[in-house]
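Everything below concerns the one structure shown next.
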Amino acid sequence: MTLEILANADRRQVVLVTGASVGLGLAIGHRLLEEQRRRRIHIVLTARESSLSRFGEQGIAQCDDVWIRPLDVTNADQRQSLVDEISSKLGGVDILINNAGVAYRSCVEHVTEPERLHQMNINFRSPIELTRCVLPGMRKKRCGKIINISSVGGMMAMPTMSVYSASKFALEGASEALYYEVKPWNVSVTLVQPGFMRSDAFEKVPYTMMGAEASANCDNDYHEHYHHMERFIAMAMNRALATPDSVAKKVLRVMRRKSPPLRVYGSVDAVMFSWMRRTMPSRAYNWLLYRNLPKVRQWGRR
Ligand SMILES: NC(=O)c1ccc[n+]([C@@H]2O[C@H](COP(=O)([O-])OP(=O)(O)OC[C@H]3O[C@@H](n4cnc5c(N)ncnc54)[C@H](OP(=O)(O)O)[C@@H]3O)[C@@H](O)[C@H]2O)c1
């Protein structure tokens, strides 16, 4: 027992990040590399096989205490074999950062069942499944941190972002339940909620098949919804104060805290939307948001 305690005291904390080859995940990776100068941590950065080469391009190379591993979060075998490898060689995952995610753009009428399941798979089912893989080890050690990257889209929904919001609402609900369930083992669960981040992520937002058609076709009933929301989101992201790096800093702060809270705002707009949601009567809140949608009077005119 004493030897086990000594071995545990000597081991580096292991931090596993998903979707780390670009955007917020990459910014977290860079911050973790900086953190290594201050304390001994072992970093495991993961990305889909096809994205692994980006690490080299970003000057991140594999070494003893930085592992780079392929992980498609939707692949159950890859999830389990990575967690097994970390458990056998490094003694398990101490901090899991579920960052990988996609945001389909589509109105509810334009999402087919397979597309809906695909979105839910990446943003909700897979992070929860990966969490299930690491939890037995964390409970055994009686410590651990699960950090789930949520979104303002997980506290409020915008038109044309229905499945994205549904997936983040689901992640929020499951994480909130988990927060209470694993607290007795000293395992913390935190949702980091960024709003718009200044990045070019909006340029690679995938559309559902019908959403893409409606967005491109001026005669489609929903064309104005897509057209104005695309421009609004691009402008909001271009002008956003938050950047992947500023959000990454908040993630690192959560990592360092002894007892982090369930929810952490990732940006100023997240604070504002949460405050509006909590304090305004819901009818007034929905009315205000509707009236402020870009050029909403032109929507549905066809
Ligand atoms: N951008 C924003 O304004 C914003 C706002 C709020 C919340 N968020 C959240 O922040 C997180 C990161 O977003 P981001 O803006 O950095 O997006 P991003 O630049 O598009 O990066 C998304 C990452 O997820 C990875 N990914 C997608 N599907 C995957 C899969 N099946 N398996 C493994 N990795 C997968 C991507 O890998 P590939 O490169 O291989 O595709 C990429 O590394 C997401 O959870 C997102 O919902 C973003």
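Just so it is clear, none of the values below were taken in a lab; they were calculated from the coordinates. Just so it is clear, the model here is predicted, and its values are computed rather than measured. All Cβ positions, even for glycine, are placed from backbone atoms using ideal geometry, and neighbour counts span all protein chains on display.
Here is how the numbers come out for the structure above:
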item	result
Scope the stretch 264-295; condition within 30 Å of I146 (Cβ to Cβ) and among the charged types (D, E, K, R); matching residues	D269, R277, R278
Single condition T190 does not satisfy, out of (1) surrounded by fewer than 22 Cβ atoms within 10 Å (Cβ to Cβ); (2) touching a helix residue (DSSP H, G or I) at 6+ places or on another chain (Cβ under 7 Å); (3) touching a residue at least 40 places away in the same chain (Cβ under 8 Å)	(1)
Tally of residues being farther than 26 Å from I95 by Cβ and not in a loop (DSSP other than H, G, I, E, B) across the stretch 269-281	8
Hits in the stretch 41-60 (condition: part of a loop (DSSP other than H, G, I, E, B) and touching a strand residue (DSSP E or B) at 6+ places or on another chain (Cβ under 8 Å))	R48, L52, I60
Among (1) under 30 Å from W287 (Cα atoms); (2) more than 11 Å from the ligand (Cβ to nearest atom); (3) in contact (Cβ under 8 Å) with a residue 60 or more places away in the chain - the single one V134 does not satisfy	(1)
Qualifying positions in the stretch 110-149 - in contact with a Ser or Thr (Cβ under 9 Å, 6 or more places away or on another chain), within 18 Å of A212 (Cβ to Cβ) and either surrounded by fewer than 18 Cβ atoms within 10 Å (Cβ to Cβ) or not polar (S, T, N, Q) (or both)	H110, V111, T112, E115, R116, H118
Any hit, the stretch 218-225, residues being in contact (Cβ under 8 Å) with a residue 60 or more places away in the chain, among the aromatic types (F, W, Y), away from the ligand (no atom under 14 Å from the Cβ) and not in a helix (DSSP H, G or I)	yes
Residues of the stretch 153-189 that turn out to be away from the ligand (no atom under 12 Å from the Cβ) and in a strand (DSSP E or B), as a count	3
Pair list, Cβ under 6 Å, 6 or more apart: the stretch 79-108 residue part of a helix (DSSP H, G or I), other residue within 16 Å of the ligand (Cβ to nearest atom) and polar (S, T, N, Q)	V108/S162
